[in-house]
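A quick write-up on the structure given underneath.
The values are calculated or read from the model by the stated rules, or taken from the named source; none is laboratory data. On a predicted model such as this, the values are computed, not experimentally measured, just so you know. With ideal geometry, Cβ positions are generated from the backbone for all residues, glycine too; neighbour counts draw on all protein chains shown. For the accessible areas, the whole protein counts, side chains as well, though only heavy atoms, and no ligand, DNA or RNA atoms are used. Shrake-Rupley method; radii C 1.70, N 1.55, O 1.52, S 1.80 Å.
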Amino acid sequence: MTPATKLLKKHRINFELLSYEHNPKDQNFGLEAVEKLNLPAEKVFKTLVLETSEQTLIVAITPVSQQINLKQLAKACKAKKVYMAAPQKVENSTGYILGGVSPLGQKKRLATYLHASAEKFETIYVSAGKRGLEIGLSPNCLLNLCNGQYANF
């Protein structure tokens, strides 16, 4: 069990746990999950930790098939600019390794933004906190647990 699955069980949230054999040579973790689990790319979301120009870390959860629009994300979180956080900062603040960062069960609670496209799905898939492990759950449940909000970015 990962901190993410423990959190879901603690709150009695219905979720689906999917696993696959992660290829260490594959660095595109989200698309690897899509391919190996045969899931629609628009329903699989990657968890990214970014830093604002004010040096605050935030979490953006976005479809694996899309790139983040940094200007729109900065506007959503009311920052001048946002950029990808350094890997060491990501691992220290979340407790997860890159490629296995879950939006759930992070060591430090960060402001969290879920791409608005998730609203149209009953179930989305996010990392369960380990490479090769995905969680399927309701986007609204995810936001409730993360104290997050929908945003267009």
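Applying 1/(1 + (r/R0)^6) with r as the Cβ-Cβ distance of LEU31 and GLN55 and R0 = 25 angstrom yields a FRET efficiency of 0.25.
With +1 assigned to the C-beta of every Lys and Arg and -1 to the C-beta of every Asp and Glu, and no other charges, what is the dipole magnitude of the chain about the Cα centre in debye, to the nearest 20?
With only Lys, Arg, Asp and Glu charged at Cβ, the dipole is about 560 debye.
Computed over the chain, relative contact order equals 29 percent, with contacts defined as Cα pairs under 8 Å that lie 6+ residues apart. Extension gain for GLN72 to LYS89 (0.36 nm times residue separation, less C-alpha to C-alpha distance): 3.9 nm.
Can you compute the FRET efficiency between LYS107 and SER65 using 1/(1 + (r/R0)^6), with r the Cβ-Cβ distance and R0 = 25 Å? Round to the nearest 0.05. For R0 = 25 Å, the calculated efficiency reads 0.30. Largest first, the three principal axis extents of the alpha carbons in the chain are 39, 33, 27 Å in whole numbers. Take the Cβ atoms of ASN147 and ALA116, set R0 to 22 Å, and the FRET efficiency comes out at 0.80. For the stretch 63-153, the orientation-averaged shadow of the C-alpha convex hull comes to 5.7 nm² (one quarter of the hull surface). For the stretch 86-134, go through all pairs of different Cα atoms, get the mean of 1/r, take its inverse, and jot down that Kirkwood value in Å. Here the Kirkwood hydrodynamic radius works out to 11.8 Å. Counting only protein chain heavy atoms and rolling a 1.4 Å probe, the accessible areas of ARG109, ARG12, ARG131 rank, largest first, as ARG12, ARG109, ARG131. Computed with a 1.4 Å probe over protein heavy atoms only, the accessible area of TYR96 comes to about 10 Å².
Over the stretch 1-119, accessible surface divided per residue gives 58 Å², non-protein components excluded, 1.4 Å probe. The Rg/Rh ratio of the stretch 1-74, with Rg taken over Cα atoms and Rh as the Kirkwood radius over Cα pairs, comes to 1.02.
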